[in-house]
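One structure below.
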């Protein structure tokens, strides 16, 4: 159930409506915009007549939300969500760039990476301390020691940190070092993890699963939102199709689709989307042109010797080239970099 309060509705009127929703067994989520307060109710909406709320003082309108995802729906927050973290806004006018190596390999490697990322003009340093790898014999990350090195390198270069959490037992540890938590494609439907992340009050990037539909993706976001964590950022990172030339098929069309269906900000990951560094720049440009609120790209000081995902990691000069191109593209679509 979606209830839009009138402009100028008092706090007492809003609370009266919330109390009535709770009485009727709704789980209430509040969204306050520039003009109207919106109340989203998850519960027995099929058996409750919207008129029950429409006649209450201060209520402008009430309607049922027909999509299976309620809180992730654009109807819940038509103006769109802007996630504020460390002085930057994700989902606003600025295109936010998150860059760095696939994983933390050593103190020297992550420090050099942070310097490259900061010098290029990106805002967030990305790197994994825990790596979900297809093969159990591949490099799995440095764990907590890697998180410490990642945080130190970012702080020394004025950057924020994003890093992946693979399991509910890792949430507290990763959250202590990272500004933004990342849920990878393999965990998009790990509902136990999503529920625990929902209890956190920290931004989270939710990557699309390798074979997930947009609806399944938004329903996964709904798990986090229903727990009370509204700072969710979606990430299109390519899906598995019959095409094998690239690692995945990056679904650029998902960006405007999400913009239509959901209020959540969305970023693109052209590194995983293609798996090849020679395709990262054109897909990054396409993502920004399509309306992405940011990019998550892999960059490494020496990608040919990277312990993981070297083939899709940009060289320092390529990251600089990309940033230069985006400074031209972003204004063309009404954005800044």
Taking the options 58, 87, name whichever one is modelled with pLDDT under 95 and either in the same structural domain as residue 119 (by TED's automatic domain parsing) or under 30 Å from residue 144 (Cα atoms) (or both). 87
Does at least one position in region 184-198 carry a residue that is out of contact with any strand residue (DSSP E or B) (no Cβ under 8 Å at 6 or more places or on another chain) and within 22 Å of residue 77 (Cα to Cα)? yes
Is one or more of the residues making up region 158-175 surrounded by fewer than 21 Cβ atoms within 10 Å (Cβ to Cβ), more than 16 Å from the chain's Cα centre (by Cα) and at positive phi? yes
Can you name every residue in region 93-108 that is touching a strand residue (DSSP E or B) at 6+ places or on another chain (Cβ under 9 Å), surrounded by 17 or more Cβ atoms within 10 Å (Cβ to Cβ) and either outside the structural domain of residue 155 (by TED's automatic domain parsing) or not in a strand (DSSP E or B) (or both)? 95, 101, 102, 104
Restricting to region 1-27, what's the tally of residues that are assigned to a loop (DSSP other than H, G, I, E, B), farther than 15 Å from residue 49 by Cα and without any contact (Cβ under 8 Å) to a residue 24 or more places away in the chain? 1
Which condition number in (1) touching a helix residue (DSSP H, G or I) at 6+ places or on another chain (Cβ under 7 Å); (2) in a strand (DSSP E or B); (3) crowded, with 18+ Cβ neighbours inside 10 Å is the one that residue 53 fails? (2)
Among helices (runs of 4 or more DSSP H) lying entirely in region 176-283, which contain 1 or more residues that are under 14 Å from the mean Cα position of the chain (by Cα) and under 19 Å from residue 83 (Cβ atoms)? 191-198, 214-226, 254-261
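The values are calculated or read from the model by the stated rules, or taken from the named source; none is laboratory data. Note that the structure is a prediction, hence the values are computed from the model and not measured. Note: ideal-geometry Cβ built from the backbone for every residue, glycine included; neighbour counts use all protein chains shown.
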